[in-house]
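Where a number appears in this text, it was derived from the coordinates with a stated rule and is not lab data. Computed from a prediction, not measured in an experiment: that's the story for all the values here. As a convention, Cβ positions derive from the backbone with ideal geometry for all residues, glycine included, and neighbour counts pool all protein chains shown.
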Amino acid sequence: MNLFLALSPKLSRIEPPETPERLAPFEDVAIPRRHGRGVLAATWFPAPDRPRGAVLLLHPWLVWGKSYFHLRGRIEALRAAGYHVLTLDFPGFGGSGAPHGFFDRDVEAGLEILHQRAGELPRHVWGVSGGGYWAHPLLGRTDLVTGAMFEDAAPHLLEWSWRVAPLGRPFYLFFRSFLRPCYRYLDARRHAGSMSLGAVAYVSGERDRGVRPEDTRTLAGLAGAEHRIVPGADHLGSIKIAGEEVIALALETFRRAEERRPAVRRGPRGLPGSGAPDRSVPSSGPSSHSAALPLGGGRWRDGP
């Protein structure tokens, strides 16, 4: 993990921004960690009434951490649709403790709190960039989640770095050559086909150099998922160009997941907690490849 972080984009640690009052009511939460010191800083946004489910939002690799979700309307739309929302800071961000081990363990800690707070309501994950990437290893080995939405999720973060930060290529090659089990475990393609979800969707930008359209198509194909490519969008740009469509796709994905898989289990499905499966297989769940959603705007490319 130390080597992986050394090869990751360098970010300054900033004072966590305050949650804006327009998102009230909300509650700051300290999530216990099974691995590593300290806690994970999180914020709980309860649904206004008669909740239908709960969603864990996982932020991209940006200095703002969970406060990234204060903008672009995801929290507001989810609550209006009847979902509790939980955001958390990954280790090293905001008020969370230092990194220890790979971040999929921290995704699991967040989902445990989501279960405690939401009870038997359906649980979903909405991950953006690195947040969506780190959800894959966990979702490939557990039945904790009903549905998932991924924006700009790379198949492999070191492959993303190879294209976006080419000066580090000798070090990425060293990692791949001498830490092969870790490199394989960090390959989201090995986990996408093992996710047992009611429905999944992927979105990325046409001009994203790190997460190319073919990368999104590959992950979606393995997961049996809907996918959309937003013309003209760069990395993290889909929500800016086609925000209404991205949010509508997430809500529709969660709705379909609840119809197809109303109940979730709490624990692992038999895969070891620290290793990836040896090969990817298509999901046996009933997800995706349905008709294109009537989202309007005409800003999508590629179909389901």
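Give a quick list of trypsin sites (Lys or Arg not before Pro) in segment 106-152 that DSSP marks as loop, anything other than H, G, I, E or B, with at most 14 other Cβ atoms within 10 Å. Intermediate values should be presented prior to the final figure.
Details: sites: 117, 123, 141; in loops: 141.
Loop-located and lightly packed - none at all.
Mean Kyte-Doolittle hydropathy of -1.0 or higher plus an axial Cα length of 24 Å or more: which whole DSSP H helices in the chain meet both?
Helices meeting the criterion: 243-260.
Would you mind checking which residues have amide H under 5 Å from residue 39's amide H? H placed 1.01 Å from N; only 5 or more apart, or other chain.
Long-range HN contacts for residue 39: 97.
Defining a contact as two alpha carbons under 8 Å apart and six or more residues distant in sequence, what relative contact order in percent does the chain show? Write out the running numbers ahead of the final one.
On the way: 676 pairs, mean separation 50.9, N = 304.
Computed value for the chain: 17 percent relative contact order.
List every residue whose amide H lies under 5 Å from the amide H of residue 187, counting only residues 5 or more places away in sequence or on a different chain, with H placed 1.01 Å from N in the peptide plane.
none
I need the trypsin sites (Lys or Arg not before Pro) found in segment 17-70, filtered to DSSP loop residues with at most 11 other beta carbons within 10 Å of theirs.
34, 37
Run the helix sum for the chain: -39,500 (n - 2.57) per DSSP H stretch of 4+ residues, divided by residue count, reported at 222 nm to the nearest 500 deg cm²/dmol. Numbers along the way, then the final one.
Details: 11 runs with 98 residues, N = 304.
Dividing the helical sum by the residues of the chain leaves -9000 deg cm²/dmol.
In whole percent, what relative contact order does segment 81-218 give with Cα contacts below 8 Å and a gap of six or more residues?
Numbers: 185 pairs, mean separation 32.7, N = 138.
The value is 24 percent.
Among bridges DSSP assigns within the chain, what percent are antiparallel (round to 5)? Walk me through the numbers before you get to the answer.
On the way: 12 of 38 bridges.
Expressed as a percentage, antiparallel bridges in the chain total about 30.
Most exposed first by the Cβ proxy, i.e. fewest other Cβ within 10 Å, how do 71, 236 rank? Walk me through the intermediate numbers first.
Details: 71 12, 236 20.
Going from sparsest to densest Cβ surroundings: 71, 236.
Amide H of residue 193 versus every other amide H placed in the peptide plane: which residues, excluding those fewer than 5 positions away on the same chain, fall under 5 Å?
Distant-sequence amide H within range of residue 193: 281.
If Lys and Arg each add +1 and Asp and Glu each add -1, what is the summed charge of the other residues whose beta carbon sits under 14 Å from the beta carbon of residue 80?
Numbers: positive: 22, 50, 52, 74, 79, 255; negative: 49, 76, 244.
Residues close to residue 80 contribute a combined charge of +3.
Could you compute the net charge surrounding residue 97? Neighbours are other residues with a C-beta less than 13 Å from the C-beta of residue 97; K and R count +1, D and E count -1. Could you put the intermediate results ahead of the total?
Numbers: positive: 13, 33, 34, 37, 105; negative: 89, 106.
Value of the local net charge: +3.
Of (1) 17.7, 54; (2) 21.9, 76; (3) 20.0, 60, which one was derived for Rg and Dmax of the Cα atoms in Å from the structure shown?
From the options (1) 17.7, 54; (2) 21.9, 76; (3) 20.0, 60, the structure gives (1).
When a footprinting reagent is the concern and you count Cβ atoms within 10 Å, what order do 1, 149, 195 take, fewest first? Spell out each step's value before the answer.
On the way: 1 13, 149 30, 195 24.
Ranking 1, 149, 195 by Cβ neighbours within 10 Å, fewest first, gives 1, 195, 149.
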